[in-house]
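These notes are about the structure you will find just below.
The values are calculated or read from the model by the stated rules, or taken from the named source; none is laboratory data. Keep in mind that this is a model prediction, so the values were computed, not measured. All Cβ positions, even for glycine, are placed from backbone atoms using ideal geometry, and neighbour counts span all protein chains on display. Side chains are part of the model used for accessible areas, which takes the heavy atoms of the whole protein and leaves out ligands, DNA and RNA. Shrake-Rupley method; radii C 1.70, N 1.55, O 1.52, S 1.80 Å.
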Amino acid sequence: MENRISHEGIVTKIDGENIEIKILSKSSCVSCNIKGACNMSEMQEKIISIPAPKDKNLSIGQEVKISMGLGQANRAVIFAYVIPVIILISMIFILNALKIDEGINALISIGTLIPYYLILYLFKDKIKRKFEYEIQ
């Protein structure tokens, strides 16, 4: 069986074909003994909308465990972090080789991320189908 990443959550909304699940995302700082000293602790509430499973009878307020394959999680990291960093660093080196001023270089390099995120936004429905959560 494939390794999975899982989170516990609470069903907050059932809307026909979709279910919204609220998960509490915790950074590793939450479990740190000195988190109060460095002010780096982070906990975020996230709402995930997933297709309702036909074989499960869920109700609002029910605690569930959702999981995603490790390969899908790695793909998400690549889309969210790796590709933008590669674009950014590539543009910095290209513009630096063209002897563009550093300030303008930085602005143009950051600006090149706008089309990337716009493309992700335009294809969000197609991309969303590649990331499937499973309710356990």
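Can you say whether Phe123 is at pLDDT below 95 and within 30 Å of Glu63 (Cβ to Cβ), as far as the supplied structure shows? No; evaluated as a whole, the condition is false for this residue. How many residues, within region 63-111, are assigned to a strand (DSSP E or B) and either open to solvent by 50 Å² or more (accessible area, probe 1.4 Å) or among the β-branched types (Val, Ile, Thr) (or both)? Total meeting the criteria: 4. Answer yes or no as to whether Ile127 is open to solvent by 50 Å² or more (accessible area, probe 1.4 Å) and out of contact with any Gly (no Cβ under 6 Å at 6 or more places or on another chain). Judged against the criteria, Ile127 is not a match. For region 84-136, residues that are of a type outside the set (A, V, I, L, M, F, W, C), under 30 Å from His7 (Cα atoms) and free of Cβ contacts under 8 Å to residues at least 60 places away in the same chain total 10.
In region 112-124, which residues are aliphatic (A, V, I, L, M) and surrounded by 14 or more Cβ atoms within 10 Å (Cβ to Cβ)? If the condition is that a residue be aliphatic (A, V, I, L, M) and surrounded by 14 or more Cβ atoms within 10 Å (Cβ to Cβ), then Leu113, Leu120 are the ones that fit.
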